[in-house]
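Every number here is computed from the coordinates shown, using simple stated rules; none is lab data. Because the structure is a prediction, the values reported are computed rather than measured. Positions of Cβ are backbone-derived with ideal geometry, glycine not excepted, and every protein chain shown enters the neighbour counts.
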Amino acid sequence: MIILGLSLTIFFYIIALQIKKSFNNSLLNPVLVAATGIIITILVTPLSYEEYIEGGKLIGNSLGPVVVLLAIPLYRHRDTIKKNLLPIMIGILVSIVSSVMMVVGFSKLFGFSNELMMTLLPKSITTPMAIEVSAMLKGIPDITVITVIITGILGATIAPVVMKLGKVKSEVSRGISMGATSHGIGTSKAMEMSDEAGAMSGLAMGLTGVTFVLLTSVFVLIFY
C-alpha cells in the first residue's frame, strides 16, 4: 500500500500540472486539483484513507529537506532582504494581526466556541508550528491541520488573481504576502512567479511562524 499511496499522489499531481499548463488558469492550483482527484478516488474505490496515507505521508515527510533548500534563493537575494528589512517585518506583523483579527471576528460573528477559535488562529503558519500553537492554546490540532491546508490552497489559488487586480508588481510584496499568509503552498506558487518572489515568500513563511509561536508563548504565560 505504500507504493500505491505514493504512486497515486504522483499520478494525480502530474495530471494536475498538465491541466494547469493546458488552461493556464491560477484557479486550477495543482495541489487543489490533485487533492480533489485523490479524495474522489478514495470515495469511489475500495481504497481507504488509512491505506492511502501509508504512502502519501512519505511525500509529507520529505518537506523538511525541501524547505531547507529555500536557503539557496534567500542567499542569492540577501541584498534585497537587507534593503527591504523594515517593510518585510511590517508586512509580516500586519499579516499576523489581520489574520488573528479575522479569526476572532468571524468566531464572534458565527458564535464559535473558544476552543474552535483557538484552533483556527494558527491557520496561516506552516503545519508543524501550527500544531504546536494549537496545542498551546488548547485548541484541536487535527482540525488545525485541515485549516492550514485549506488556507494554503486558497491563498495560492486566489493570490495571483488578487495581485493582478491590485496591480501588485513588486516581487518583494508578492512574495512576502504569499509566504506570510499561505505558508508552504503559497511559497511554491511564489517560486513559480519568480526566484525573488519565492525567496521572499520562504523568508516570510519562516519569520511569520517563529513570530507567531513567540507571541503565542507570551500570551499563554500571561493569560493561562
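General remarks:
- Share of alpha-carbon pairs per 10 Å distance bin for the chain, given as whole %: 8, 30, 35, 23, 5, 0
- C-alpha center-to-center spacing [the range 108-186, the range 1-47] in angstrom: 22 Å
- Sorting Met191, Met178 from the fewest to the most surrounding beta carbons within 10 angstrom yields Met191, Met178.
- Sorted fewest first by neighbouring Cβ atoms within 10 angstrom, Leu137, Leu85 come out as Leu85, Leu137.
- Residues Asp142, Asp195, arranged from fewest to most other Cβ atoms within 10 angstrom of their Cβ, appear as Asp142, Asp195.
- Note on the range 1-61: Cα Rg divided by 2.2 N^0.38 Å, N the number of residues, gives 1.14.
- Cα→Cβ-extended label distance, 7 Å offset, between Lys21 and Glu115, nm: 4.8 nm
- Whole-Hz couplings from phi, Karplus 6.51/-1.76/1.60, listed for the range 12-17; x for Gly and Pro: 5, 6, 5, 4, 4, 5
- The length gained on full extension between Ser170 and Val68, counted as 0.36 nm times the residue separation minus their Cα-Cα distance, comes to 34.2 nm.
- Electrostatic dipole magnitude of the chain [Cβ: Lys, Arg +1; Asp, Glu -1; Cα centre; debye, to 20]: 780 debye
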